[in-house]
1. Please label the shape of the stretch 65-144 as rounded, prolate or oblate, based on the square roots a ≥ b ≥ c of the eigenvalues of the alpha-carbon gyration tensor (a/c under 1.5 means rounded; beyond that, a/b larger than b/c means prolate, else oblate).
2. With a cut-off of 8 Å between alpha carbons and a minimum separation of six or more residues, what is the relative contact order of the stretch 86-261 in percent?
3. Calculate log10 I(q)/I(0) of the stretch 129-235 for q = 0.10 Å⁻¹, where I(q) comes from the Debye formula with a single equal point scatterer on each Cα and nothing for solvent.
4. Sticking to Cα atoms, compute the Rg of the stretch 207-281 to one decimal and its Dmax as the biggest Cα-Cα distance, whole number, in Å.
5. If you wrap a convex hull around the alpha carbons of the stretch 116-158, what volume per residue comes out, as a whole number of Å³?
6. So what is Rg over Rh here for the chain, counting just Cα atoms and using Kirkwood for Rh?
7. On C-alpha positions alone, give me the angle between the axis of helix 262-280 and the longest principal axis of the chain, in degrees, nearest 10.
8. Mind giving me the nanometre distance, one decimal, between the label points for residue 122 and residue 162, set 7 Å out from Cα along Cα→Cβ?
Amino acid sequence: MQHSWDYRNMNFAMAVMIAGSYGKSVYFLSNSVGPMQKWDFCVRDLLPFVQKMMIRDGYRYTQKYLESLRFDRFMHGPDDLFFVNDEYTTEQKYENYVVIEVMTWLGRASKGETYVLNQLVHLVDEVINEDRKNVVLVSFDRGDSDADRYMEYIQVHAMHPERISIESTAKCNMYEIFSLYRYCDFSVSLKYHPLILALGSNKPCIGIICDDDGYYEGKLRGACDNLGIDSHDVVMHIDEINSTSLLERYNSLKDGHIIINPNRREQLKAIRQKFLQELLE
């Protein structure tokens, strides 16, 4: 349930209402809800048809929103992609690399897209020259021409473009994308799911918030809350990026792993399995 509501979402809403009107139980796997802005009424209309919902972003965001609507049939659990690299064995395509994901919202930076891209180029040069690593650039959204342009810019302006590879969902399947995070040494991302894939694979990572309406802050920081790690260590806003901040954050994290308590990991896995079992029964 995102903060925009287009034709596809209206079809989705109708499907929920039709299922509920026929007495069918409606469950939501791991979700974030809100901020809905002008579409808040749609959520209010849908929630009575929902039997139970799993939320994935901790206690500060979706929970507060649902409670404001007097909806309490929810439980906390992991994102569905968190354990994906436990479940699939994927081929390793690259070695000794950092993966960097970009998307169109990079252009929302107050200093402009070129400024941010130049900081990413600076990071890429550091990764290649100082750490002797390769770089894989990736876009998660089919048809994101801005992301394609950003990746080309980074590759062209870096000192060693031959050490940079470009991947996108338009060119490879989801299992190949999963493998990028299973085998990487570090991840930098602007979207939510790359952060989840990195954390699920216990990789050091940075998640960058690109908006100011709470949507990505809720998802990125909330995911950290849910996993029991300090979001201030791994999440920053795009307008915090300057000539040194991104590189300093990378250097502070690159030599260690984001440590997720094994007990918390197993607890989340058990919660998800129990929820799926209830749903299937």
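1. oblate
2. Here the relative contact order equals 25 percent.
3. Evaluating at q = 0.10 Å⁻¹ gives log10 I(q)/I(0) of -0.30.
4. Both quantities, over Cα of the stretch 207-281: 16.0, 54 Å.
5. So the per-residue Cα hull volume is 63 Å³.
6. Across the chain, the Cα-based Rg/Rh ratio is 0.98.
7. Relative to the chain, helix 262-280 is tipped by roughly 40 degrees.
8. 2.7
Each value in this text was obtained by applying a stated rule to the coordinates, not by laboratory testing. Since the model is a prediction, treat every value here as computed from it, not as a measurement. A quick note on method: Cβ atoms are made from the backbone with ideal geometry, for glycine too, and the neighbour counts reach across all protein chains shown.
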